[in-house]
């Protein structure tokens, strides 16, 4: 399999006044193209810090991070922004949609920064909405959509650039149980199509949709195991 992510003994230290907080301590992991991985751990375990580094939202204090054979550990802010736009699709707990923009406009936003023409942006955004079952809501604004529909728009936005990886940070955190399972069903379909998915969650039942679960504690990898009991729903149920 093709290795897409490698962290080599990365650490992250935050300094606040006279205090230092070691959020990550020598984390070394590898993730292959097409894997579906969940990061789990209690508050303060380092899972969100690790997600931020993998998502090029932050850089490690020491160690190296290799994304698609490129060492991105020491890039400038502008270089990291370019990597984020090309390589990574983000799905957030709070959706992060522009309230006055339509679903189509929200999904097309990453393509604006990538320099696509308006025609191509609309065409690709509509295709992404269709892939998450929301083509008929293209003209609706976020306040005209349910929570589950808003998360689907956010997923379509994450997919529109055909990124190397999809990073989902607590993607079901603001959803009720039934809607959460519908969204996880959608992630299952995306993984079946070959997408690489990395998800942060504190919910054990949600983590078991992933095929591999990495548990962190106190800034270290506590366990890294293949999930032998993947939760899988029949599509449409």
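Values in this text are rule-based calculations from the coordinates and carry no lab data. Just so we're clear, the structure is a prediction, and the values are computed from it rather than from any experiment. Note that each Cβ is placed from the backbone with ideal geometry, even for glycine, and that neighbours are counted across all protein chains shown.
Summary of computed values
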| item | result |
| --- | --- |
| Relative contact order (%) - segment 121-228, alpha-carbon pairs under 8 angstrom, separation at least six | 20 percent |
| Helical contribution to [θ] at 222 nm, DSSP H n ≥ 4, -39,500 (n - 2.57), averaged over the chain, rounded to 500 | -10000 deg cm²/dmol |
| Hull volume in cubic angstrom per residue (convex hull over the Cα atoms of segment 1-125) | 154 Å³ |
| On Cα atoms only, tilt of 103-113 relative to the major axis of the chain in degrees | 50 degrees |
| Residues of segment 160-188 with amide N under 16 Å of a point placed 7 Å along Cα→Cβ from residue 140 | 176, 179-180, 182-183 |
| Computed over the chain: relative contact order in percent, which uses C-alpha pairs under 8 Å that are six or more apart | 27 percent |
| GNM top mover of 142, 42, 163 - the chain, alpha-carbon springs below 10 Å | 42 |
| Segment 97-191 - Rg and Dmax from Cα coordinates, angstrom | 12.6, 39 |
| Percent of alpha-carbon pairs separated by more than 19 Å within segment 151-237 | 39 percent |
| Segment 102-178: relative contact order in percent, alpha carbon pairs under 8 Å with at least 6 residues between | 38 percent |
| Gap separating the Cα centres of segment 100-171 and segment 56-76, nearest whole Å | 27 Å |
| Candidates 66, 206, 13: whichever shows maximal mean-square fluctuation once the chain is modelled as a Gaussian network with Cα springs under 10 Å | 13 |
| Hydrodynamic radius by Kirkwood, which averages 1/r over all alpha carbon pairs of the chain, in angstrom | 18.3 Å |
| Separation in nanometres of the label points that stand 7 Å from Cα toward Cβ, at residue 74 and residue 114 | 3.0 nm |
| Listed peptides 190-200, 25-35, 148-158, 112-122 by packing density, highest first (mean Cβ within 10 Å) | 148-158, 190-200, 25-35, 112-122 |
| Modelled FRET efficiency - R0 25 Å, residue 96 with residue 205, Cβ distances, 0.05 increments | 0.55 |
| q = 0.27 Å⁻¹: log10 I(q)/I(0) that the Debye formula gives for segment 52-97, counting C-alpha atoms only | -1.03 |
